[in-house]
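Read-outs: derived from the displayed coordinates by stated rules, not from any lab. This one's a predicted model, so the numbers in the text were calculated from it and none came from an experiment. Heads up, the Cβs are rebuilt from the backbone with ideal geometry, glycines too, and the neighbour counts pull from every protein chain shown.
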Amino acid sequence: MERFSIEGPVRLSGTVTASGAKNAALPALAATLLTDQPVELARVPRVRDIRTMTRLLEHLGAECAASGSVVRVGGWPGGDHAEAPYELVKTMRASILVLGPLLARRGFARVSLPGGCAIGVRPIDEHLRGLQALGAAIEVEEGYVTARAERLVGTRFRFQVPSVTGTENVMMAATHARGTTRLENCAREAEIADLAELLTAMGAHIQGAGSEVIEIEGVDSLHGARHQVIADRIEAGTYLLAAAITGGDVTVDGARAEDLSPLTAALHDTGVEVEPTGSGMRCRGNGALAATRLETAPHPGFPTDLQAQFMALLTQAEGTSTIRESVFENRFQHVPELNRLGADIRTAGRLAIVQGPRRLTGTGVMATDLRASACLVLAALVAHGTTVVDRIYHLDRGYESMESKLQSLGARVERVDQPMDL
Ligand code: EPU
């Protein structure tokens, strides 16, 4: 099993380029099922979750070819094979994104239930309610969701919870429905507007994606298209936080100010400024960090996907900080690992109380999920001595070439696959 060995402390400086957004590329790949023509996606990150999605598309009968960060999907011929099996879905919850497109194209889809997840229960009831509102008959049995509809019919539907992939799934299905669909209380994350841009290029009629209300006028068929996926705001945010925690100076090319404003505001509260450059965003840490109060929330709130990384930063801030995790019920698994490095963090339910600053010292720590892994890497950059982050296969799901990007900024990080004595 591979690990990162990180020597600290270091001060990072330089420029890295943001990869494409994993959480935009995944629905974009699922959307290719809506046509039998080729779709070419550029700036697709080379991370494990993308490979899982292309394997799923191949399993369904679509040909996928990757060249660098360009992925070309030959189009889905249709056929009777509209099933996503447990073996693929269990490794990545986002596989549920094929449900809407398969149903819309074939009138039938059978997708394994994603099951539990380290960060919370993560139900898919909102996806199913939305598809039912479009006229699908849904059955859940033997661990599979089966959805059927001869032709989906436009409707008015309100999400009870603004789910990101739920909004994407129902929006994709509605592109093929007869008539107009109005979706209310939609998630507003940038990845949804990016998906709508691809769908529009494929011939869909969509208004309002990125806002609370999305209107989709159904069409009979969609066609091939080319699309460039947006830059990954969570990856970019992680490198900006790496600058802040190390008192460094890092520019992330490709990062978009509008996607990162909740992070910029939270960093401002700690005394760290982030400014747009011509081509991206620059963060200059100044070594002095103030404690703050933070709460995660759906966009435009502070993203839950940067909560763990921000907590690493707060271990170095002067005073008592609090973080409330409002999106997922179990997203503090990095806390005991940060405490192993010398942090002083207590949790009570969804609240974490961080006492800082603390001198961190290197030791062995265990990654539990994707963003928790990134948090441990950030902490390791300021910890004195060697930190070994175990189970970095979690990191590889969503961060492209993290060690080489960090090395280019001056970090002493190595990927090792030998057992290490600590
Ligand atoms: N929820 C429901 N019912 C549903 C769907 C969601 O109650 O049917 C609840 C969830 O339990 C959670 C909240 O709604 O409390 C938000 O979940 P959401 O559905 O928005 O999350 P998701 O679509 O499953 C995406 C990202 C996650 C990110 C969340 C929140 C993708 C592929 N995944 O998940 O990304 O944390 O939105 O922003 O887009 C990651 O990249 O590390 C990651 C976990």
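Kirkwood Rh, the chain, all Cα pairs: how many Å?
Numbers: mean 1/r = 0.0458 Å⁻¹.
In the chain this quantity evaluates to 21.9 Å.
Past the 19 angstrom mark, what percentage of all C-alpha to C-alpha distances in segment 58-110 do you count?
Working: 446 of 1378 pairs.
Tail of P(r) above 19 Å: 32 percent of Cα pairs.
Find, to one decimal place in angstroms, the Kirkwood hydrodynamic radius of segment 269-311, where the mean of 1/r is taken over every pair of different Cα atoms and then inverted. Write out the running numbers ahead of the final one.
Details: mean 1/r = 0.0826 Å⁻¹.
Evaluated over segment 269-311, this radius sits at 12.1 Å.
Can you give me the long-range amide H partners of Glu318? Hydrogens built in the peptide plane at 1.01 Å from N, cutoff under 5 Å, separation of 5 or more residues or another chain.
Excluding prolines and chain starts, which carry no amide H, the hits are Leu289, Ala290, Ala291.
Once you list every other residue whose beta carbon is under 9 Å from the beta carbon of Val70, what net charge do they have if Lys and Arg are +1 and Asp and Glu are -1? Show your work: numbers first, answer last.
Working: positive: Arg43, Arg72; negative: Glu40.
Value of the local net charge: +1.
Taking 41 Å as R0, compute the FRET efficiency from the Cβ-Cβ separation of Ser13 and Glu212 and round it to 0.05.
Numbers: r = 40 Å, r/R0 = 0.98.
After rounding, the FRET efficiency stands at 0.55.
With the cut-off at 1.5 for a/c, could you classify segment 304-397 from its C-alpha gyration tensor as rounded, prolate or oblate? Could the numbers behind the result be given before it?
Working: a/c = 1.93, a/b = 1.08, b/c = 1.79.
Verdict is oblate for segment 304-397.
Calculate I(q)/I(0) for segment 28-146 by the Debye formula, one identical point scatterer on each C-alpha and no solvent, and give its log10 at q = 0.10, 0.11, 0.16 Å⁻¹ to two decimals.
The computed values of log10 I(q)/I(0) come out as -0.29, -0.35, -0.75.
With an 8 Å cut-off on Cα pairs and a minimum separation of 6 or more residues, tell me the relative contact order of the chain in percent. Mind showing how you got there, number by number?
Working: 1065 pairs, mean separation 87.7, N = 422.
Relative contact order here is 21 percent.
Arranged by the count of other C-beta atoms within 10 angstrom, fewest first, what order do Asp232, Asp49 take?
Details: Asp232 29, Asp49 21.
Result, fewest neighbours first: Asp49, Asp232.
Can you tell me the dipole magnitude for segment 148-255 around its Cα centre, using point charges on the Cβ only (Lys, Arg +1; Asp, Glu -1), in Debye to the nearest 20? The partial results should precede the final answer.
Numbers: 9 positive and 15 negative charges, 109 e Å.
Approximately 520 debye in magnitude.
So what is the 222 nm mean residue ellipticity for the chain from helices alone, if each DSSP H run of at least 4 adds -39500 (n - 2.57) and you divide by all residues, rounding to the nearest 500 deg cm²/dmol? Spell out each step's value before the answer.
Working: 14 runs with 133 residues, N = 422.
So the helix-based figure for the chain works out to -9000 deg cm²/dmol.
So if I take the centroid of the Cα atoms in segment 1-48 and the same for segment 199-217, what is the distance between those two points in Å?
24 Å
Extension gain Arg151-Ser279, at 0.36 nm per residue separation less the Cα-Cα distance, in nm? Walk me through the numbers on the way to the answer.
Details: separation 128, 0.36 × 128 = 46.08 nm, distance 4.50 nm.
Working it through step by step, the gained length comes to 41.6 nm.
Ranking Lys405, Lys22 by Cβ neighbours within 10 Å, fewest first, what do you get? Intermediate results must be reported in sequence, preceding the final value.
Working: Lys405 22, Lys22 26.
In order of increasing Cβ crowding within 10 Å: Lys405, Lys22.
What would the Debye formula give as log10 I(q)/I(0) at q = 0.20, 0.26 Å⁻¹ for the alpha-carbon point model of segment 106-149, no solvent?
Computed log10 I(q)/I(0) values: -0.64, -0.95.
At Glu63 and Glu295, where each label point lies 7 Å from the Cα along Cα→Cβ, what is the point-to-point distance in nanometres?
5.3 nm
Averaging over all projection directions, find the projected area of the Cα convex hull of segment 129-276 and quote it in nm² with one decimal place.
Over all viewing directions, segment 129-276 projects a mean Cα-hull area of 11.2 nm².
Among DSSP bridges having both ends in segment 22-228, what percentage is antiparallel? Round to the nearest 5. Provide the component values of the computation, followed by the final result.
Working: 25 of 36 bridges.
If we restrict to bridges inside segment 22-228, about 70 percent are antiparallel.
Stick to the Cα atoms of segment 1-65, pair each with every other, and give me the Kirkwood hydrodynamic radius in Å at one decimal.
Working: mean 1/r = 0.0695 Å⁻¹.
Here the Kirkwood hydrodynamic radius works out to 14.4 Å.
Report the antiparallel proportion of the DSSP beta bridges in the chain as a percent, rounded to a multiple of 5. Let's see the in-between values first.
Numbers: 56 of 81 bridges.
Around 70 percent of the beta bridges assigned by DSSP in the chain are antiparallel ones.
Subtract the Cα-Cα distance of Arg324 and Arg182 from 0.36 nm times their separation in residues, and report this length gain in nm to one decimal.
Details: separation 142, 0.36 × 142 = 51.12 nm, distance 3.23 nm.
Contour length minus Cα-Cα distance gives 47.9 nm.
Could you please rank Val73, Val354, placing first whichever residue has the fewest other Cβ atoms within 10 Å of its Cβ?
Val73, Val354
So, how do all the Cα-to-Cα distances of segment 22-228 break down into 10 Å bins, in percent, from 0 on up?
P(r) for segment 22-228, in whole percents per bin: 10, 40, 40, 10, 0.
Based on the Cβ-Cβ distance from Asp220 to Ala137, what FRET efficiency comes out when R0 is 25 Å, to the nearest 0.05?
On the way: r = 22 Å, r/R0 = 0.87.
Once the sixth-power term is evaluated, E becomes 0.70.
Ordered by packing density, taken as the mean number of other Cβ atoms within 10 Å over each peptide's residues, highest first, how do 64-72, 299-307 rank?
For the peptides 64-72, 299-307, the packing ranking is 299-307, 64-72.
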